[in-house]
Amino acid sequence: MIEIKHPQEQARLRRLALAAQGLLQAQPYGRGLAGARKAINHLGYVQIDTISVVERAHHHVFHSRVPKFKPAMTNQLLLNGDIFEYWAHAAAFLPIADFRFSLPYKHAIKSGQTHWYRNRDTKLMGELLARIRSDGPLRSRDIETNTQKRAGWWDWKPAKKALEQLYMEGDLMVSDRKGFQKTYDLTERVLPSHVNSQMPSMEEFATHIVDQQLRCHGLVSLKGLTYQRRNADLRKAVKALVNTRLAEHTLEQVQVSSGEVFLLETGAFERSLPRLNNRMLILSPFDNSVIQRERLKALFQYDYRLECYVPAAKRQYGYFCLPLLYRDEFIGRMDCKAHRKNSHLEIKLLHLEQHNFDEDLVIAAFVDAIIQFCHFQQCDSVALTKAHPKHLTQSITTALDGVIP
């Protein structure tokens, strides 16, 4: 067990984690569509989310790592058969090469485990499956129904629930997307013929999880390896595999100041790592690097909470605050909104925490990041309402004046 006591050692762990996430390099996976394909193959998944205050999370994750990425490329990857849509710890796009590792959860749902719905309408499911088999791909809104339209995903019409159940059980796949309107088709018609569709053993599944998590995170906790997975047998298999690799000395453990223990490949702590530069990244709240909040706090001492689920009166930073990564530290957060009708980015609050970095360099990096972020949001103007500390409001406002061409 390596005990991390010195700030330089802590900094090295941070760099190891960020490099594994592709957040220290300018273009770790290449550019454009090919870069996006390589990025998701490395990361293992990209979470899908519906919130549209700014560009949606699944596009944002790619944008943070892949120069020249365009939101339309996500659906192009889906149409090309490079990725598929299913459940990781949440709704996600996943590499098509990992398809077989979605099968255990599909089998569990088909065998009676509840995902969204406790009661399946097997008759309607059978009718929809037969219709898709005979008539081709189907969108839920294509189905005629007498059910009164109601608000909220929790009260979807019966046909939508039946389609989602067939999708979760693996009979259907998403073949196309127009925003959040999904098109469903039979799995055998969507899945490329070369893809391995054999059910993995529990040992194979555990190996896949451990290898994938070490690859994309650099260092992982035992709890984090099976983050949000409700599979006791998988957790046991993962723990057994970790113990075997520790005994074989192919894995080693480090303990940080909070007491949290992380696993990493033997020798990884001494690897050569990318140099740091004065770059700021504006990340999604659902970014792979920040989604495990306990890990984030233990490694980076960054206490982050997404407040869109918190009553407005109790919010500290705003509805949809985006984490700000500068060099190798999370130094703040930004609550903003893209007003698409007039192509304007409103920064409601920029909150910078105490840090030891040069203030002028931080402001310059923030302005550079905002320019890129505005282009991504298709906004041609930006304004800051409030900053913390307060004295930053005027200096950042001045720095932002006229920066968007």
Extreme residue, positive dipole direction of the chain, given options 219, 76, 40 (C-beta unit charges): 76
For every other residue with a beta carbon closer than 12 angstrom to the beta carbon of residue 355, add +1 if it is Lys or Arg and -1 if Asp or Glu, then tell me the sum. -4
Order the peptides 306-312, 40-46 from the highest to the lowest mean number of other Cβ atoms within 10 Å of their residues. 40-46, 306-312
To the nearest 20 debye, segment 302-400 has a Cα-centred charge dipole, built from +1 on Lys and Arg Cβ and -1 on Asp and Glu Cβ, of 620 debye
Which order do peptides 392-401, 189-198 fall in by mean Cβ count within 10 Å, highest first? 392-401, 189-198
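Over the chain, what is the relative contact order in whole percent, taking alpha-carbon pairs under 8 Å and six or more residues apart? Each step should come with its number before you reach the end.
Details: 629 pairs, mean separation 66.3, N = 405.
Relative contact order, the chain: 16 percent.
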Per the 1.4 Å probe, what fraction of the accessible area of the chain, in percent, lies on carbon and sulfur atoms? 48 percent
What nm distance separates the two modelled labels at residue 360 and residue 246, each placed 7 Å from Cα along Cα→Cβ? 5.0 nm
Here the gain from full extension of residue 111 to residue 227, 0.36 nm per residue of separation minus their alpha-carbon distance, amounts to 39.5 nm
Calculated from DSSP H runs of 4 or more alone, at -39500 (n - 2.57) each and per residue, what is the 222 nm mean residue ellipticity of the chain, nearest 500? -11500 deg cm²/dmol
Using the Cα atoms of segment 1-43, I'd like the radius of gyration and the largest Cα-Cα distance, Dmax, both in angstrom. 14.0, 42
Quick check: from the Cα gyration tensor, does segment 315-405 come out rounded (a/c under 1.5), prolate or oblate? prolate
Note down the nm distance, to one decimal, between modelled labels 7 Å out along Cα→Cβ at residue 272 and at residue 72. 4.0 nm
Fluctuation leader among 22, 126, 318 - the chain, Gaussian network, Cα springs under 10 angstrom: 126
Determine the sum of side-chain charges near residue 228: Lys and Arg each +1, Asp and Glu each -1, restricted to other residues whose C-beta is under 15 angstrom from that of residue 228. +4
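Could you size up the charge dipole of the chain around its Cα centre, putting +1 on the beta carbon of Lys and Arg and -1 on that of Asp and Glu, and report it in debye to the nearest 20?
920 debye
For the peptides 69-80, 49-60, what is the packing order when you average, over each peptide's residues, the other Cβ atoms within 10 Å and list the highest mean first?
Packing order, densest peptide first, comes out as 49-60, 69-80.
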What residues of segment 210-239 lie in the reach of a label at residue 255, counting those whose backbone N is under 20 Å from a point 7 Å from the Cα along Cα→Cβ? 219-225
Backbone N within segment 203-228 under 20 Å of label point (7 Å from residue 196 Cα along the Cβ vector): 203-216
For the chain, what does the accessible surface come to per residue with a 1.4 Å probe? Please give it in Å². 49 Å²
Any chance you could run the full-extension gain for residue 316 through residue 8? It's 0.36 nm times the residue separation minus the Cα-Cα distance, nm to one decimal. 107.7 nm
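The values are calculated or read from the model by the stated rules, or taken from the named source; none is laboratory data. Just so you know, these numbers come straight off a predicted model, no measurement behind them. All Cβ positions, even for glycine, are placed from backbone atoms using ideal geometry, and neighbour counts span all protein chains on display. Surface accessibility is based on the protein's heavy atoms, side chains included, excluding ligands, DNA and RNA. Shrake-Rupley method; radii C 1.70, N 1.55, O 1.52, S 1.80 Å.
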